[in-house]
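Asker: Below is a structure I'd like to ask you about.
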Amino acid sequence: MARVSKRERSAIERGLRVVTGACPHDCPDTCAWQVAVDPDTERAVDIWGHADHPFTDGKLCGKVDNYLERSYHRERLTSPLRRVGAKGATNGPRFEAISWDQAIEEIAARTGHAIEQHGPETVLQYSYAGTMGLVQGEGMAQRFFNRLGATRLGRTICASAGMQGLSYTLGRAIGPDPLDFEHAGLIWLWGTNTLSSNMHLWPVIQRARKAGAKVVVIDPVRTRTARAADEWVPIRPGTDGALALGLMHVLIREDAIDRDYIERGTLGFEQLRERASKWPPARVEAITGIPAARIEGLAREYGQRGAKPPAIRINYGLQRHRGGGMAVRNIACLPALVGAWRHRGGGVQLSSSGSFMLDRRGLERPDLLGDRSPRTFNMNRLGQALSLDPEQRRQAHLRERPVDRPPEQPGPPVHVLFVYNCNPAAVAPDQSAVIAGLAREDLFTVVLEHFATDTVDWADIVLPATTQLEHWDLLKSYGHLYLALNRPAIAPVGQSLPNSEIFRRVARACGFDEPCFHETDEAMLEAFVDSQADPCMAEISWARLLDEGFCRLALPDPYLPFAAGEFPTPSGRCELYSARMAEHGYDPLPAYTAPEFADAELDDPESEASPGLLHCISPPAHSFLNSTFVNVEKFAAREKQPLLLLHPDDAAARAITDGVEVRVENERGEVRLRARVTDEVVRGTVVASSIWWTKLSPDRRNINWLSSPAETDMGAGALFFDVPVRVRAS
Ligand SMILES: Nc1nc2c(c(=O)[nH]1)N[C@H]1C(S)=C(S)[C@@H](COP(=O)(O)OP(=O)(O)OC[C@H]3O[C@@H](n4cnc5c(=O)[nH]c(N)nc54)[C@H](O)[C@@H]3O)O[C@H]1N2
Ligand SMILES: Nc1nc2c(c(=O)[nH]1)N[C@H]1C(S)=C(S)[C@@H](COP(=O)(O)OP(=O)(O)OC[C@H]3O[C@@H](n4cnc5c(=O)[nH]c(N)nc54)[C@H](O)[C@@H]3O)O[C@H]1N2
Ligand code: SF4
Ligand SMILES: [Mo]
């Protein structure tokens, strides 16, 4: 039974009802929270982090601390809407309120009609992690789309390159228990802005520091995390794979390696030694911009044999480049070389999602597809997926490079689009193509949302969805080992409904009468939890979640997943050499894949005549969560306006001064931003703040106007941080 925290007690003493829940956002921290509700008004009046959750530790981030403000925001969508004006119209009435019955009927009729003409693949689902909950995420939605036989979606927009690189090497996305970072003697925060995007790891890091650990940040930007760390190692974007090879070179050359662990726990060391010998620090310096002596220093610190191991936290920033999968793979080899996995806190952490061995088949019901196998579109190629040109649609198919499959049939044009938990008009690459697709008058678009986002502007029917205060859900984490239950604290605001209920109604209106379309959210969750057979869920029952709110996976504590040198790879070892990669057409050894930017720079015909290309990245903003919170005044005020950070030398070469408006352009077009000149970014790199709503940006465009729909080396991921641009004062 959970204890009663001070804050909870005080709320109860004030006559409030306290409800335990969990943050739904796409964030590794997956906080447990408590909400105080006034029983007289049934309004939520306070929210705070759960004191007993070891990772949340009683605190929410600055965004979600204001979650009530978002849920009760005056612009919250409260009624179903039907389009009356032109798609994307910027003035005049655009929508009229309609009843739920009208909305559902119209959706079922339009969907049915389109399927009669073009078959079920004419329906496209488009969603990501607006909520990470299992039921309001894909639970009921997948039942519907599977039953329908709709086009599937490759959900590649965030993490697929790194996850693939990691799994080739370690087998699954498993790392040390993040709470054990406390026991590390050296912490590298590599391509991660911890204080913004994983802030609950910071107190753990501070505990390690108090006990003597050193904290180093490897990042092209001197982020707030880099400022708070002991050292900042500026690196050129997209070159981390080369840095890892250089570190291996020095570790092996200086024999700062753990031969016993390598012998027992790795595969292919001799081939790796040969490969790494080709990567002396001078070569790595030329690529990364990090002086050779510093690379040697980093390797020596990493290889130092002390009582405490080195820990590496990487995040997804460094894999949004062409060589992103390989970069993650290379870094994932490092802990095995020095035997860091032997010790509590040692190893590398990208995501803990592979520790959650959850079977979602009962929840999402892939069996409803029967023997149908609909095409899968890559979500990063939405613009092409929505094209009427068959060749464009062919390119939109999910293709994992470099495996060459014969070109697939393009399949029918998309005539019905369901968007939920996602804001593609702002977040997807190749924005002009996305908008051109959404603007098609013969496309029927349904958007489930909390607010009138950029995507809503293009909808035919808008359906108001509940927020996490108003529905049930269950959350796994990708940054720690706890599962958390979310109970509704208040009734739905306005006429909003949970995504699950919306899909349930649409399914029934389409004539699907299977019992699974009648199951309640609670029943779905209970059946899901109680049917899990993996040992990680031992003793975690629905009853226990109801009682305690959150549970640690049934993993050993302390958790040292690879201490014995056993990995869930085909060979059972950490694969320095991967036969699977060779089979899939990759270099089986750690290699360096240069960013697209490097090629663009080499090919640049103008570089002699004018200041050359700059490498544009657009990492998460501190006060937004992707494009969520951008419309809430408090957060927009904190982020000020869409900015472009550039180095003083790059600014001077272009006669750009701080505060002026600049044009950022490439072959896809141009975006206007406000310049901020700062030496906190490496020379040659510019940083665009993300992810502003386009309608709150100059020219109604954000930085994704310039990002490419091309794929990363692995996992068909997005190249958000691999964008060559030209910048000039406007
Ligand atoms: N406040 C806030 N938190 C968030 C999000 C948000 O938008 N705002 N987004 C959430 C989401 S969806 C995700 S996926 C996660 C993680 O999302 P990530 O994109 O991994 O976010 P960060 O942890 O900020 O890491 C990005 C860092 O990597 C750096 N970087 C960019 N390119 C390179 C490179 O080539 N090499 C190296 N070494 N560094 C590079 C950037 O400068 C930045 O500091 O964060 C989640 N948390
Ligand atoms: N330039 C650039 N682009 C990027 C990135 C970047 O770093 N730079 N990051 C990329 C990454 S890592 C990611 S993960 C994607 C994220 O892209 P998205 O997944 O689109 O994330 P958000 O922008 O937060 O939009 C989520 C939307 O879901 C809605 N939502 C939340 N909960 C619910 C619910 O319960 N029901 C319904 N119906 N709606 C809900 C929110 O209101 C919000 O509008 O963006 C990618 N795009
Ligand atoms: S966004 Fe992340 S840090 Fe903030 S409350 Fe949610 S899970 Fe916690
Ligand atoms: Mo993400």
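The values are calculated or read from the model by the stated rules, or taken from the named source; none is laboratory data. Worth saying up front: this structure is predicted, and the values here are computed from it rather than measured. For neighbour counting, all protein chains shown are included, and Cβ atoms are generated from backbone atoms with ideal geometry for every residue, glycine included. When the accessible area is computed, the model is the full protein with side chains, heavy atoms only, and any ligands, DNA or RNA have been set aside. Shrake-Rupley method; radii C 1.70, N 1.55, O 1.52, S 1.80 Å.
Asker: For the chain, what is the calculated [θ] at 222 nm in deg cm²/dmol (nearest 500), taking -39500 (n - 2.57) for each run of four or more DSSP H residues and dividing by its residue count? Don't skip to the answer; put the middle values down first.
Answerer: Working: 26 runs with 215 residues, N = 730.
The helix-only estimate for the chain comes to -8000 deg cm²/dmol at 222 nm.
Asker: Hey, rough spin-label estimate for R361 and D587, points 7 angstrom out along Cα→Cβ, what's it come to in nanometres?
Answerer: Between R361 and D587, the simple spin-label model gives 3.9 nm.
Asker: Ranked highest first by average number of other Cβ atoms within 10 Å, how do 684-691, 6-13, 567-574 line up?
Answerer: 684-691, 567-574, 6-13
Asker: Right, next: Please compute one quarter of the surface area of the Cα convex hull for the chain and express it in square nanometres.
Answerer: Averaged projected hull area, Cα only: 30.5 nm².
Asker: Quick check: pseudo-label points 7 Å beyond the Cα along Cα→Cβ at D513 and A653, how many nm apart are they?
Answerer: Reported label-point gap for D513 and A653 is 7.0 nm.
Asker: Skip the ligands, DNA and RNA, and give the accessible area per residue of the stretch 596-729 with a 1.4 Å probe, whole Å². Display every interim value, and only then the final one.
Answerer: Working: 5160 Å² over 134 residues.
For the stretch 596-729, the solvent-accessible area averages 39 Å² per residue.
Asker: Can you check what the net charge comes to around E75, using other residues whose Cβ is under 13 Å from the Cβ of E75 (Lys, Arg +1; Asp, Glu -1)? Mind showing how you got there, number by number?
Answerer: Details: positive: R70, R74, R76, K695; negative: E69, E449, E633.
That sum, taken over residues with Cβ under 13 Å, equals +1.
Asker: In the chain, what percent of the accessible surface is made up of carbon and sulfur (1.4 Å probe, ligands and nucleic acids excluded)?
Answerer: Values: 13020 of 26010 Å².
Carbon and sulfur: 50 percent of the exposed surface of the chain.
Asker: Stretched out fully, how many nm does the piece from A211 to T78 gain, at 0.36 nm a residue minus the Cα gap?
Answerer: 42.7 nm
Asker: While we're looking at this one, here's another question. What order do you get for 618-627, 56-65, 510-519, 97-106 when each peptide is scored by the mean count of other beta carbon atoms within 10 Å, highest first?
Answerer: Numbers: 618-627: 22.1, 56-65: 19.2, 510-519: 14.3, 97-106: 15.9.
Final packing ranking: 618-627, 56-65, 97-106, 510-519.
Asker: Simple spin-label model, 7 Å along Cα-to-Cβ: W202 to D534 in nm?
Answerer: In this crude spin-label approximation the distance works out to 3.1 nm.
Asker: Next question, about the same structure. Multiply the residue separation of E274 and R544 by 0.36 nm, subtract the distance between their alpha-carbon atoms, and state the gained length in nm to one decimal.
Answerer: Details: separation 270, 0.36 × 270 = 97.20 nm, distance 5.27 nm.
Between E274 and R544, full extension yields an extra 91.9 nm.
Asker: Hydropathy first: keep DSSP H helices in the chain averaging at least -1.0 on Kyte-Doolittle, then drop any whose Cα extent along the axis falls short of 18 Å, and list what survives. Walk me through the numbers before you get to the answer.
Answerer: On the way: long enough: 100-118 (27 Å, -0.69); 240-253 (20 Å, 1.24); 324-338 (23 Å, 1.33).
Flagged H segments are 100-118, 240-253, 324-338.
Asker: In the neighborhood of E548, defined by Cβ-to-Cβ distances under 13 Å, what is the net charge if each Lys or Arg adds +1 and each Asp or Glu adds -1? Write down the numbers at each step before the final one.
Answerer: Numbers: positive: R3, R487, R544, R552; negative: D52, E539, D547.
My count for the surroundings of E548 gives +1.
Asker: Length gain on complete extension for the stretch E661 to R110, per 0.36 nm per residue less the alpha carbon to alpha carbon distance? It would help to have the intermediate numbers written out before the result.
Answerer: Details: separation 551, 0.36 × 551 = 198.36 nm, distance 4.49 nm.
Difference between extended and current length: 193.9 nm.
Asker: Sorted by average packing, counted as other Cβ atoms within 10 angstrom per residue and highest first, what order do 582-591, 377-386 take? Could you put the intermediate results ahead of the total?
Answerer: Values: 582-591: 17.3, 377-386: 27.0.
Highest to lowest by the protection proxy: 377-386, 582-591.
Asker: Determine the percent antiparallel among the DSSP beta bridges restricted to the chain, to the nearest 5. Walk me through the numbers before you get to the answer.
Answerer: Values: 42 of 86 bridges.
If we restrict to bridges inside the chain, about 50 percent are antiparallel.
Asker: Over the stretch 6-71, average the accessible area per residue using a 1.4 Å probe and give it in Å², no decimals. Mind dumping the intermediate values first?
Answerer: Numbers: 2580 Å² over 66 residues.
Using a 1.4 Å probe on heavy atoms only, each residue of the stretch 6-71 averages 39 Å².
Asker: Apply 1/(1 + (r/R0)^6) to the Cβ-Cβ distance of R305 and K6, taking R0 = 41 Å, and write down the FRET efficiency to the nearest 0.05.
Answerer: 0.40
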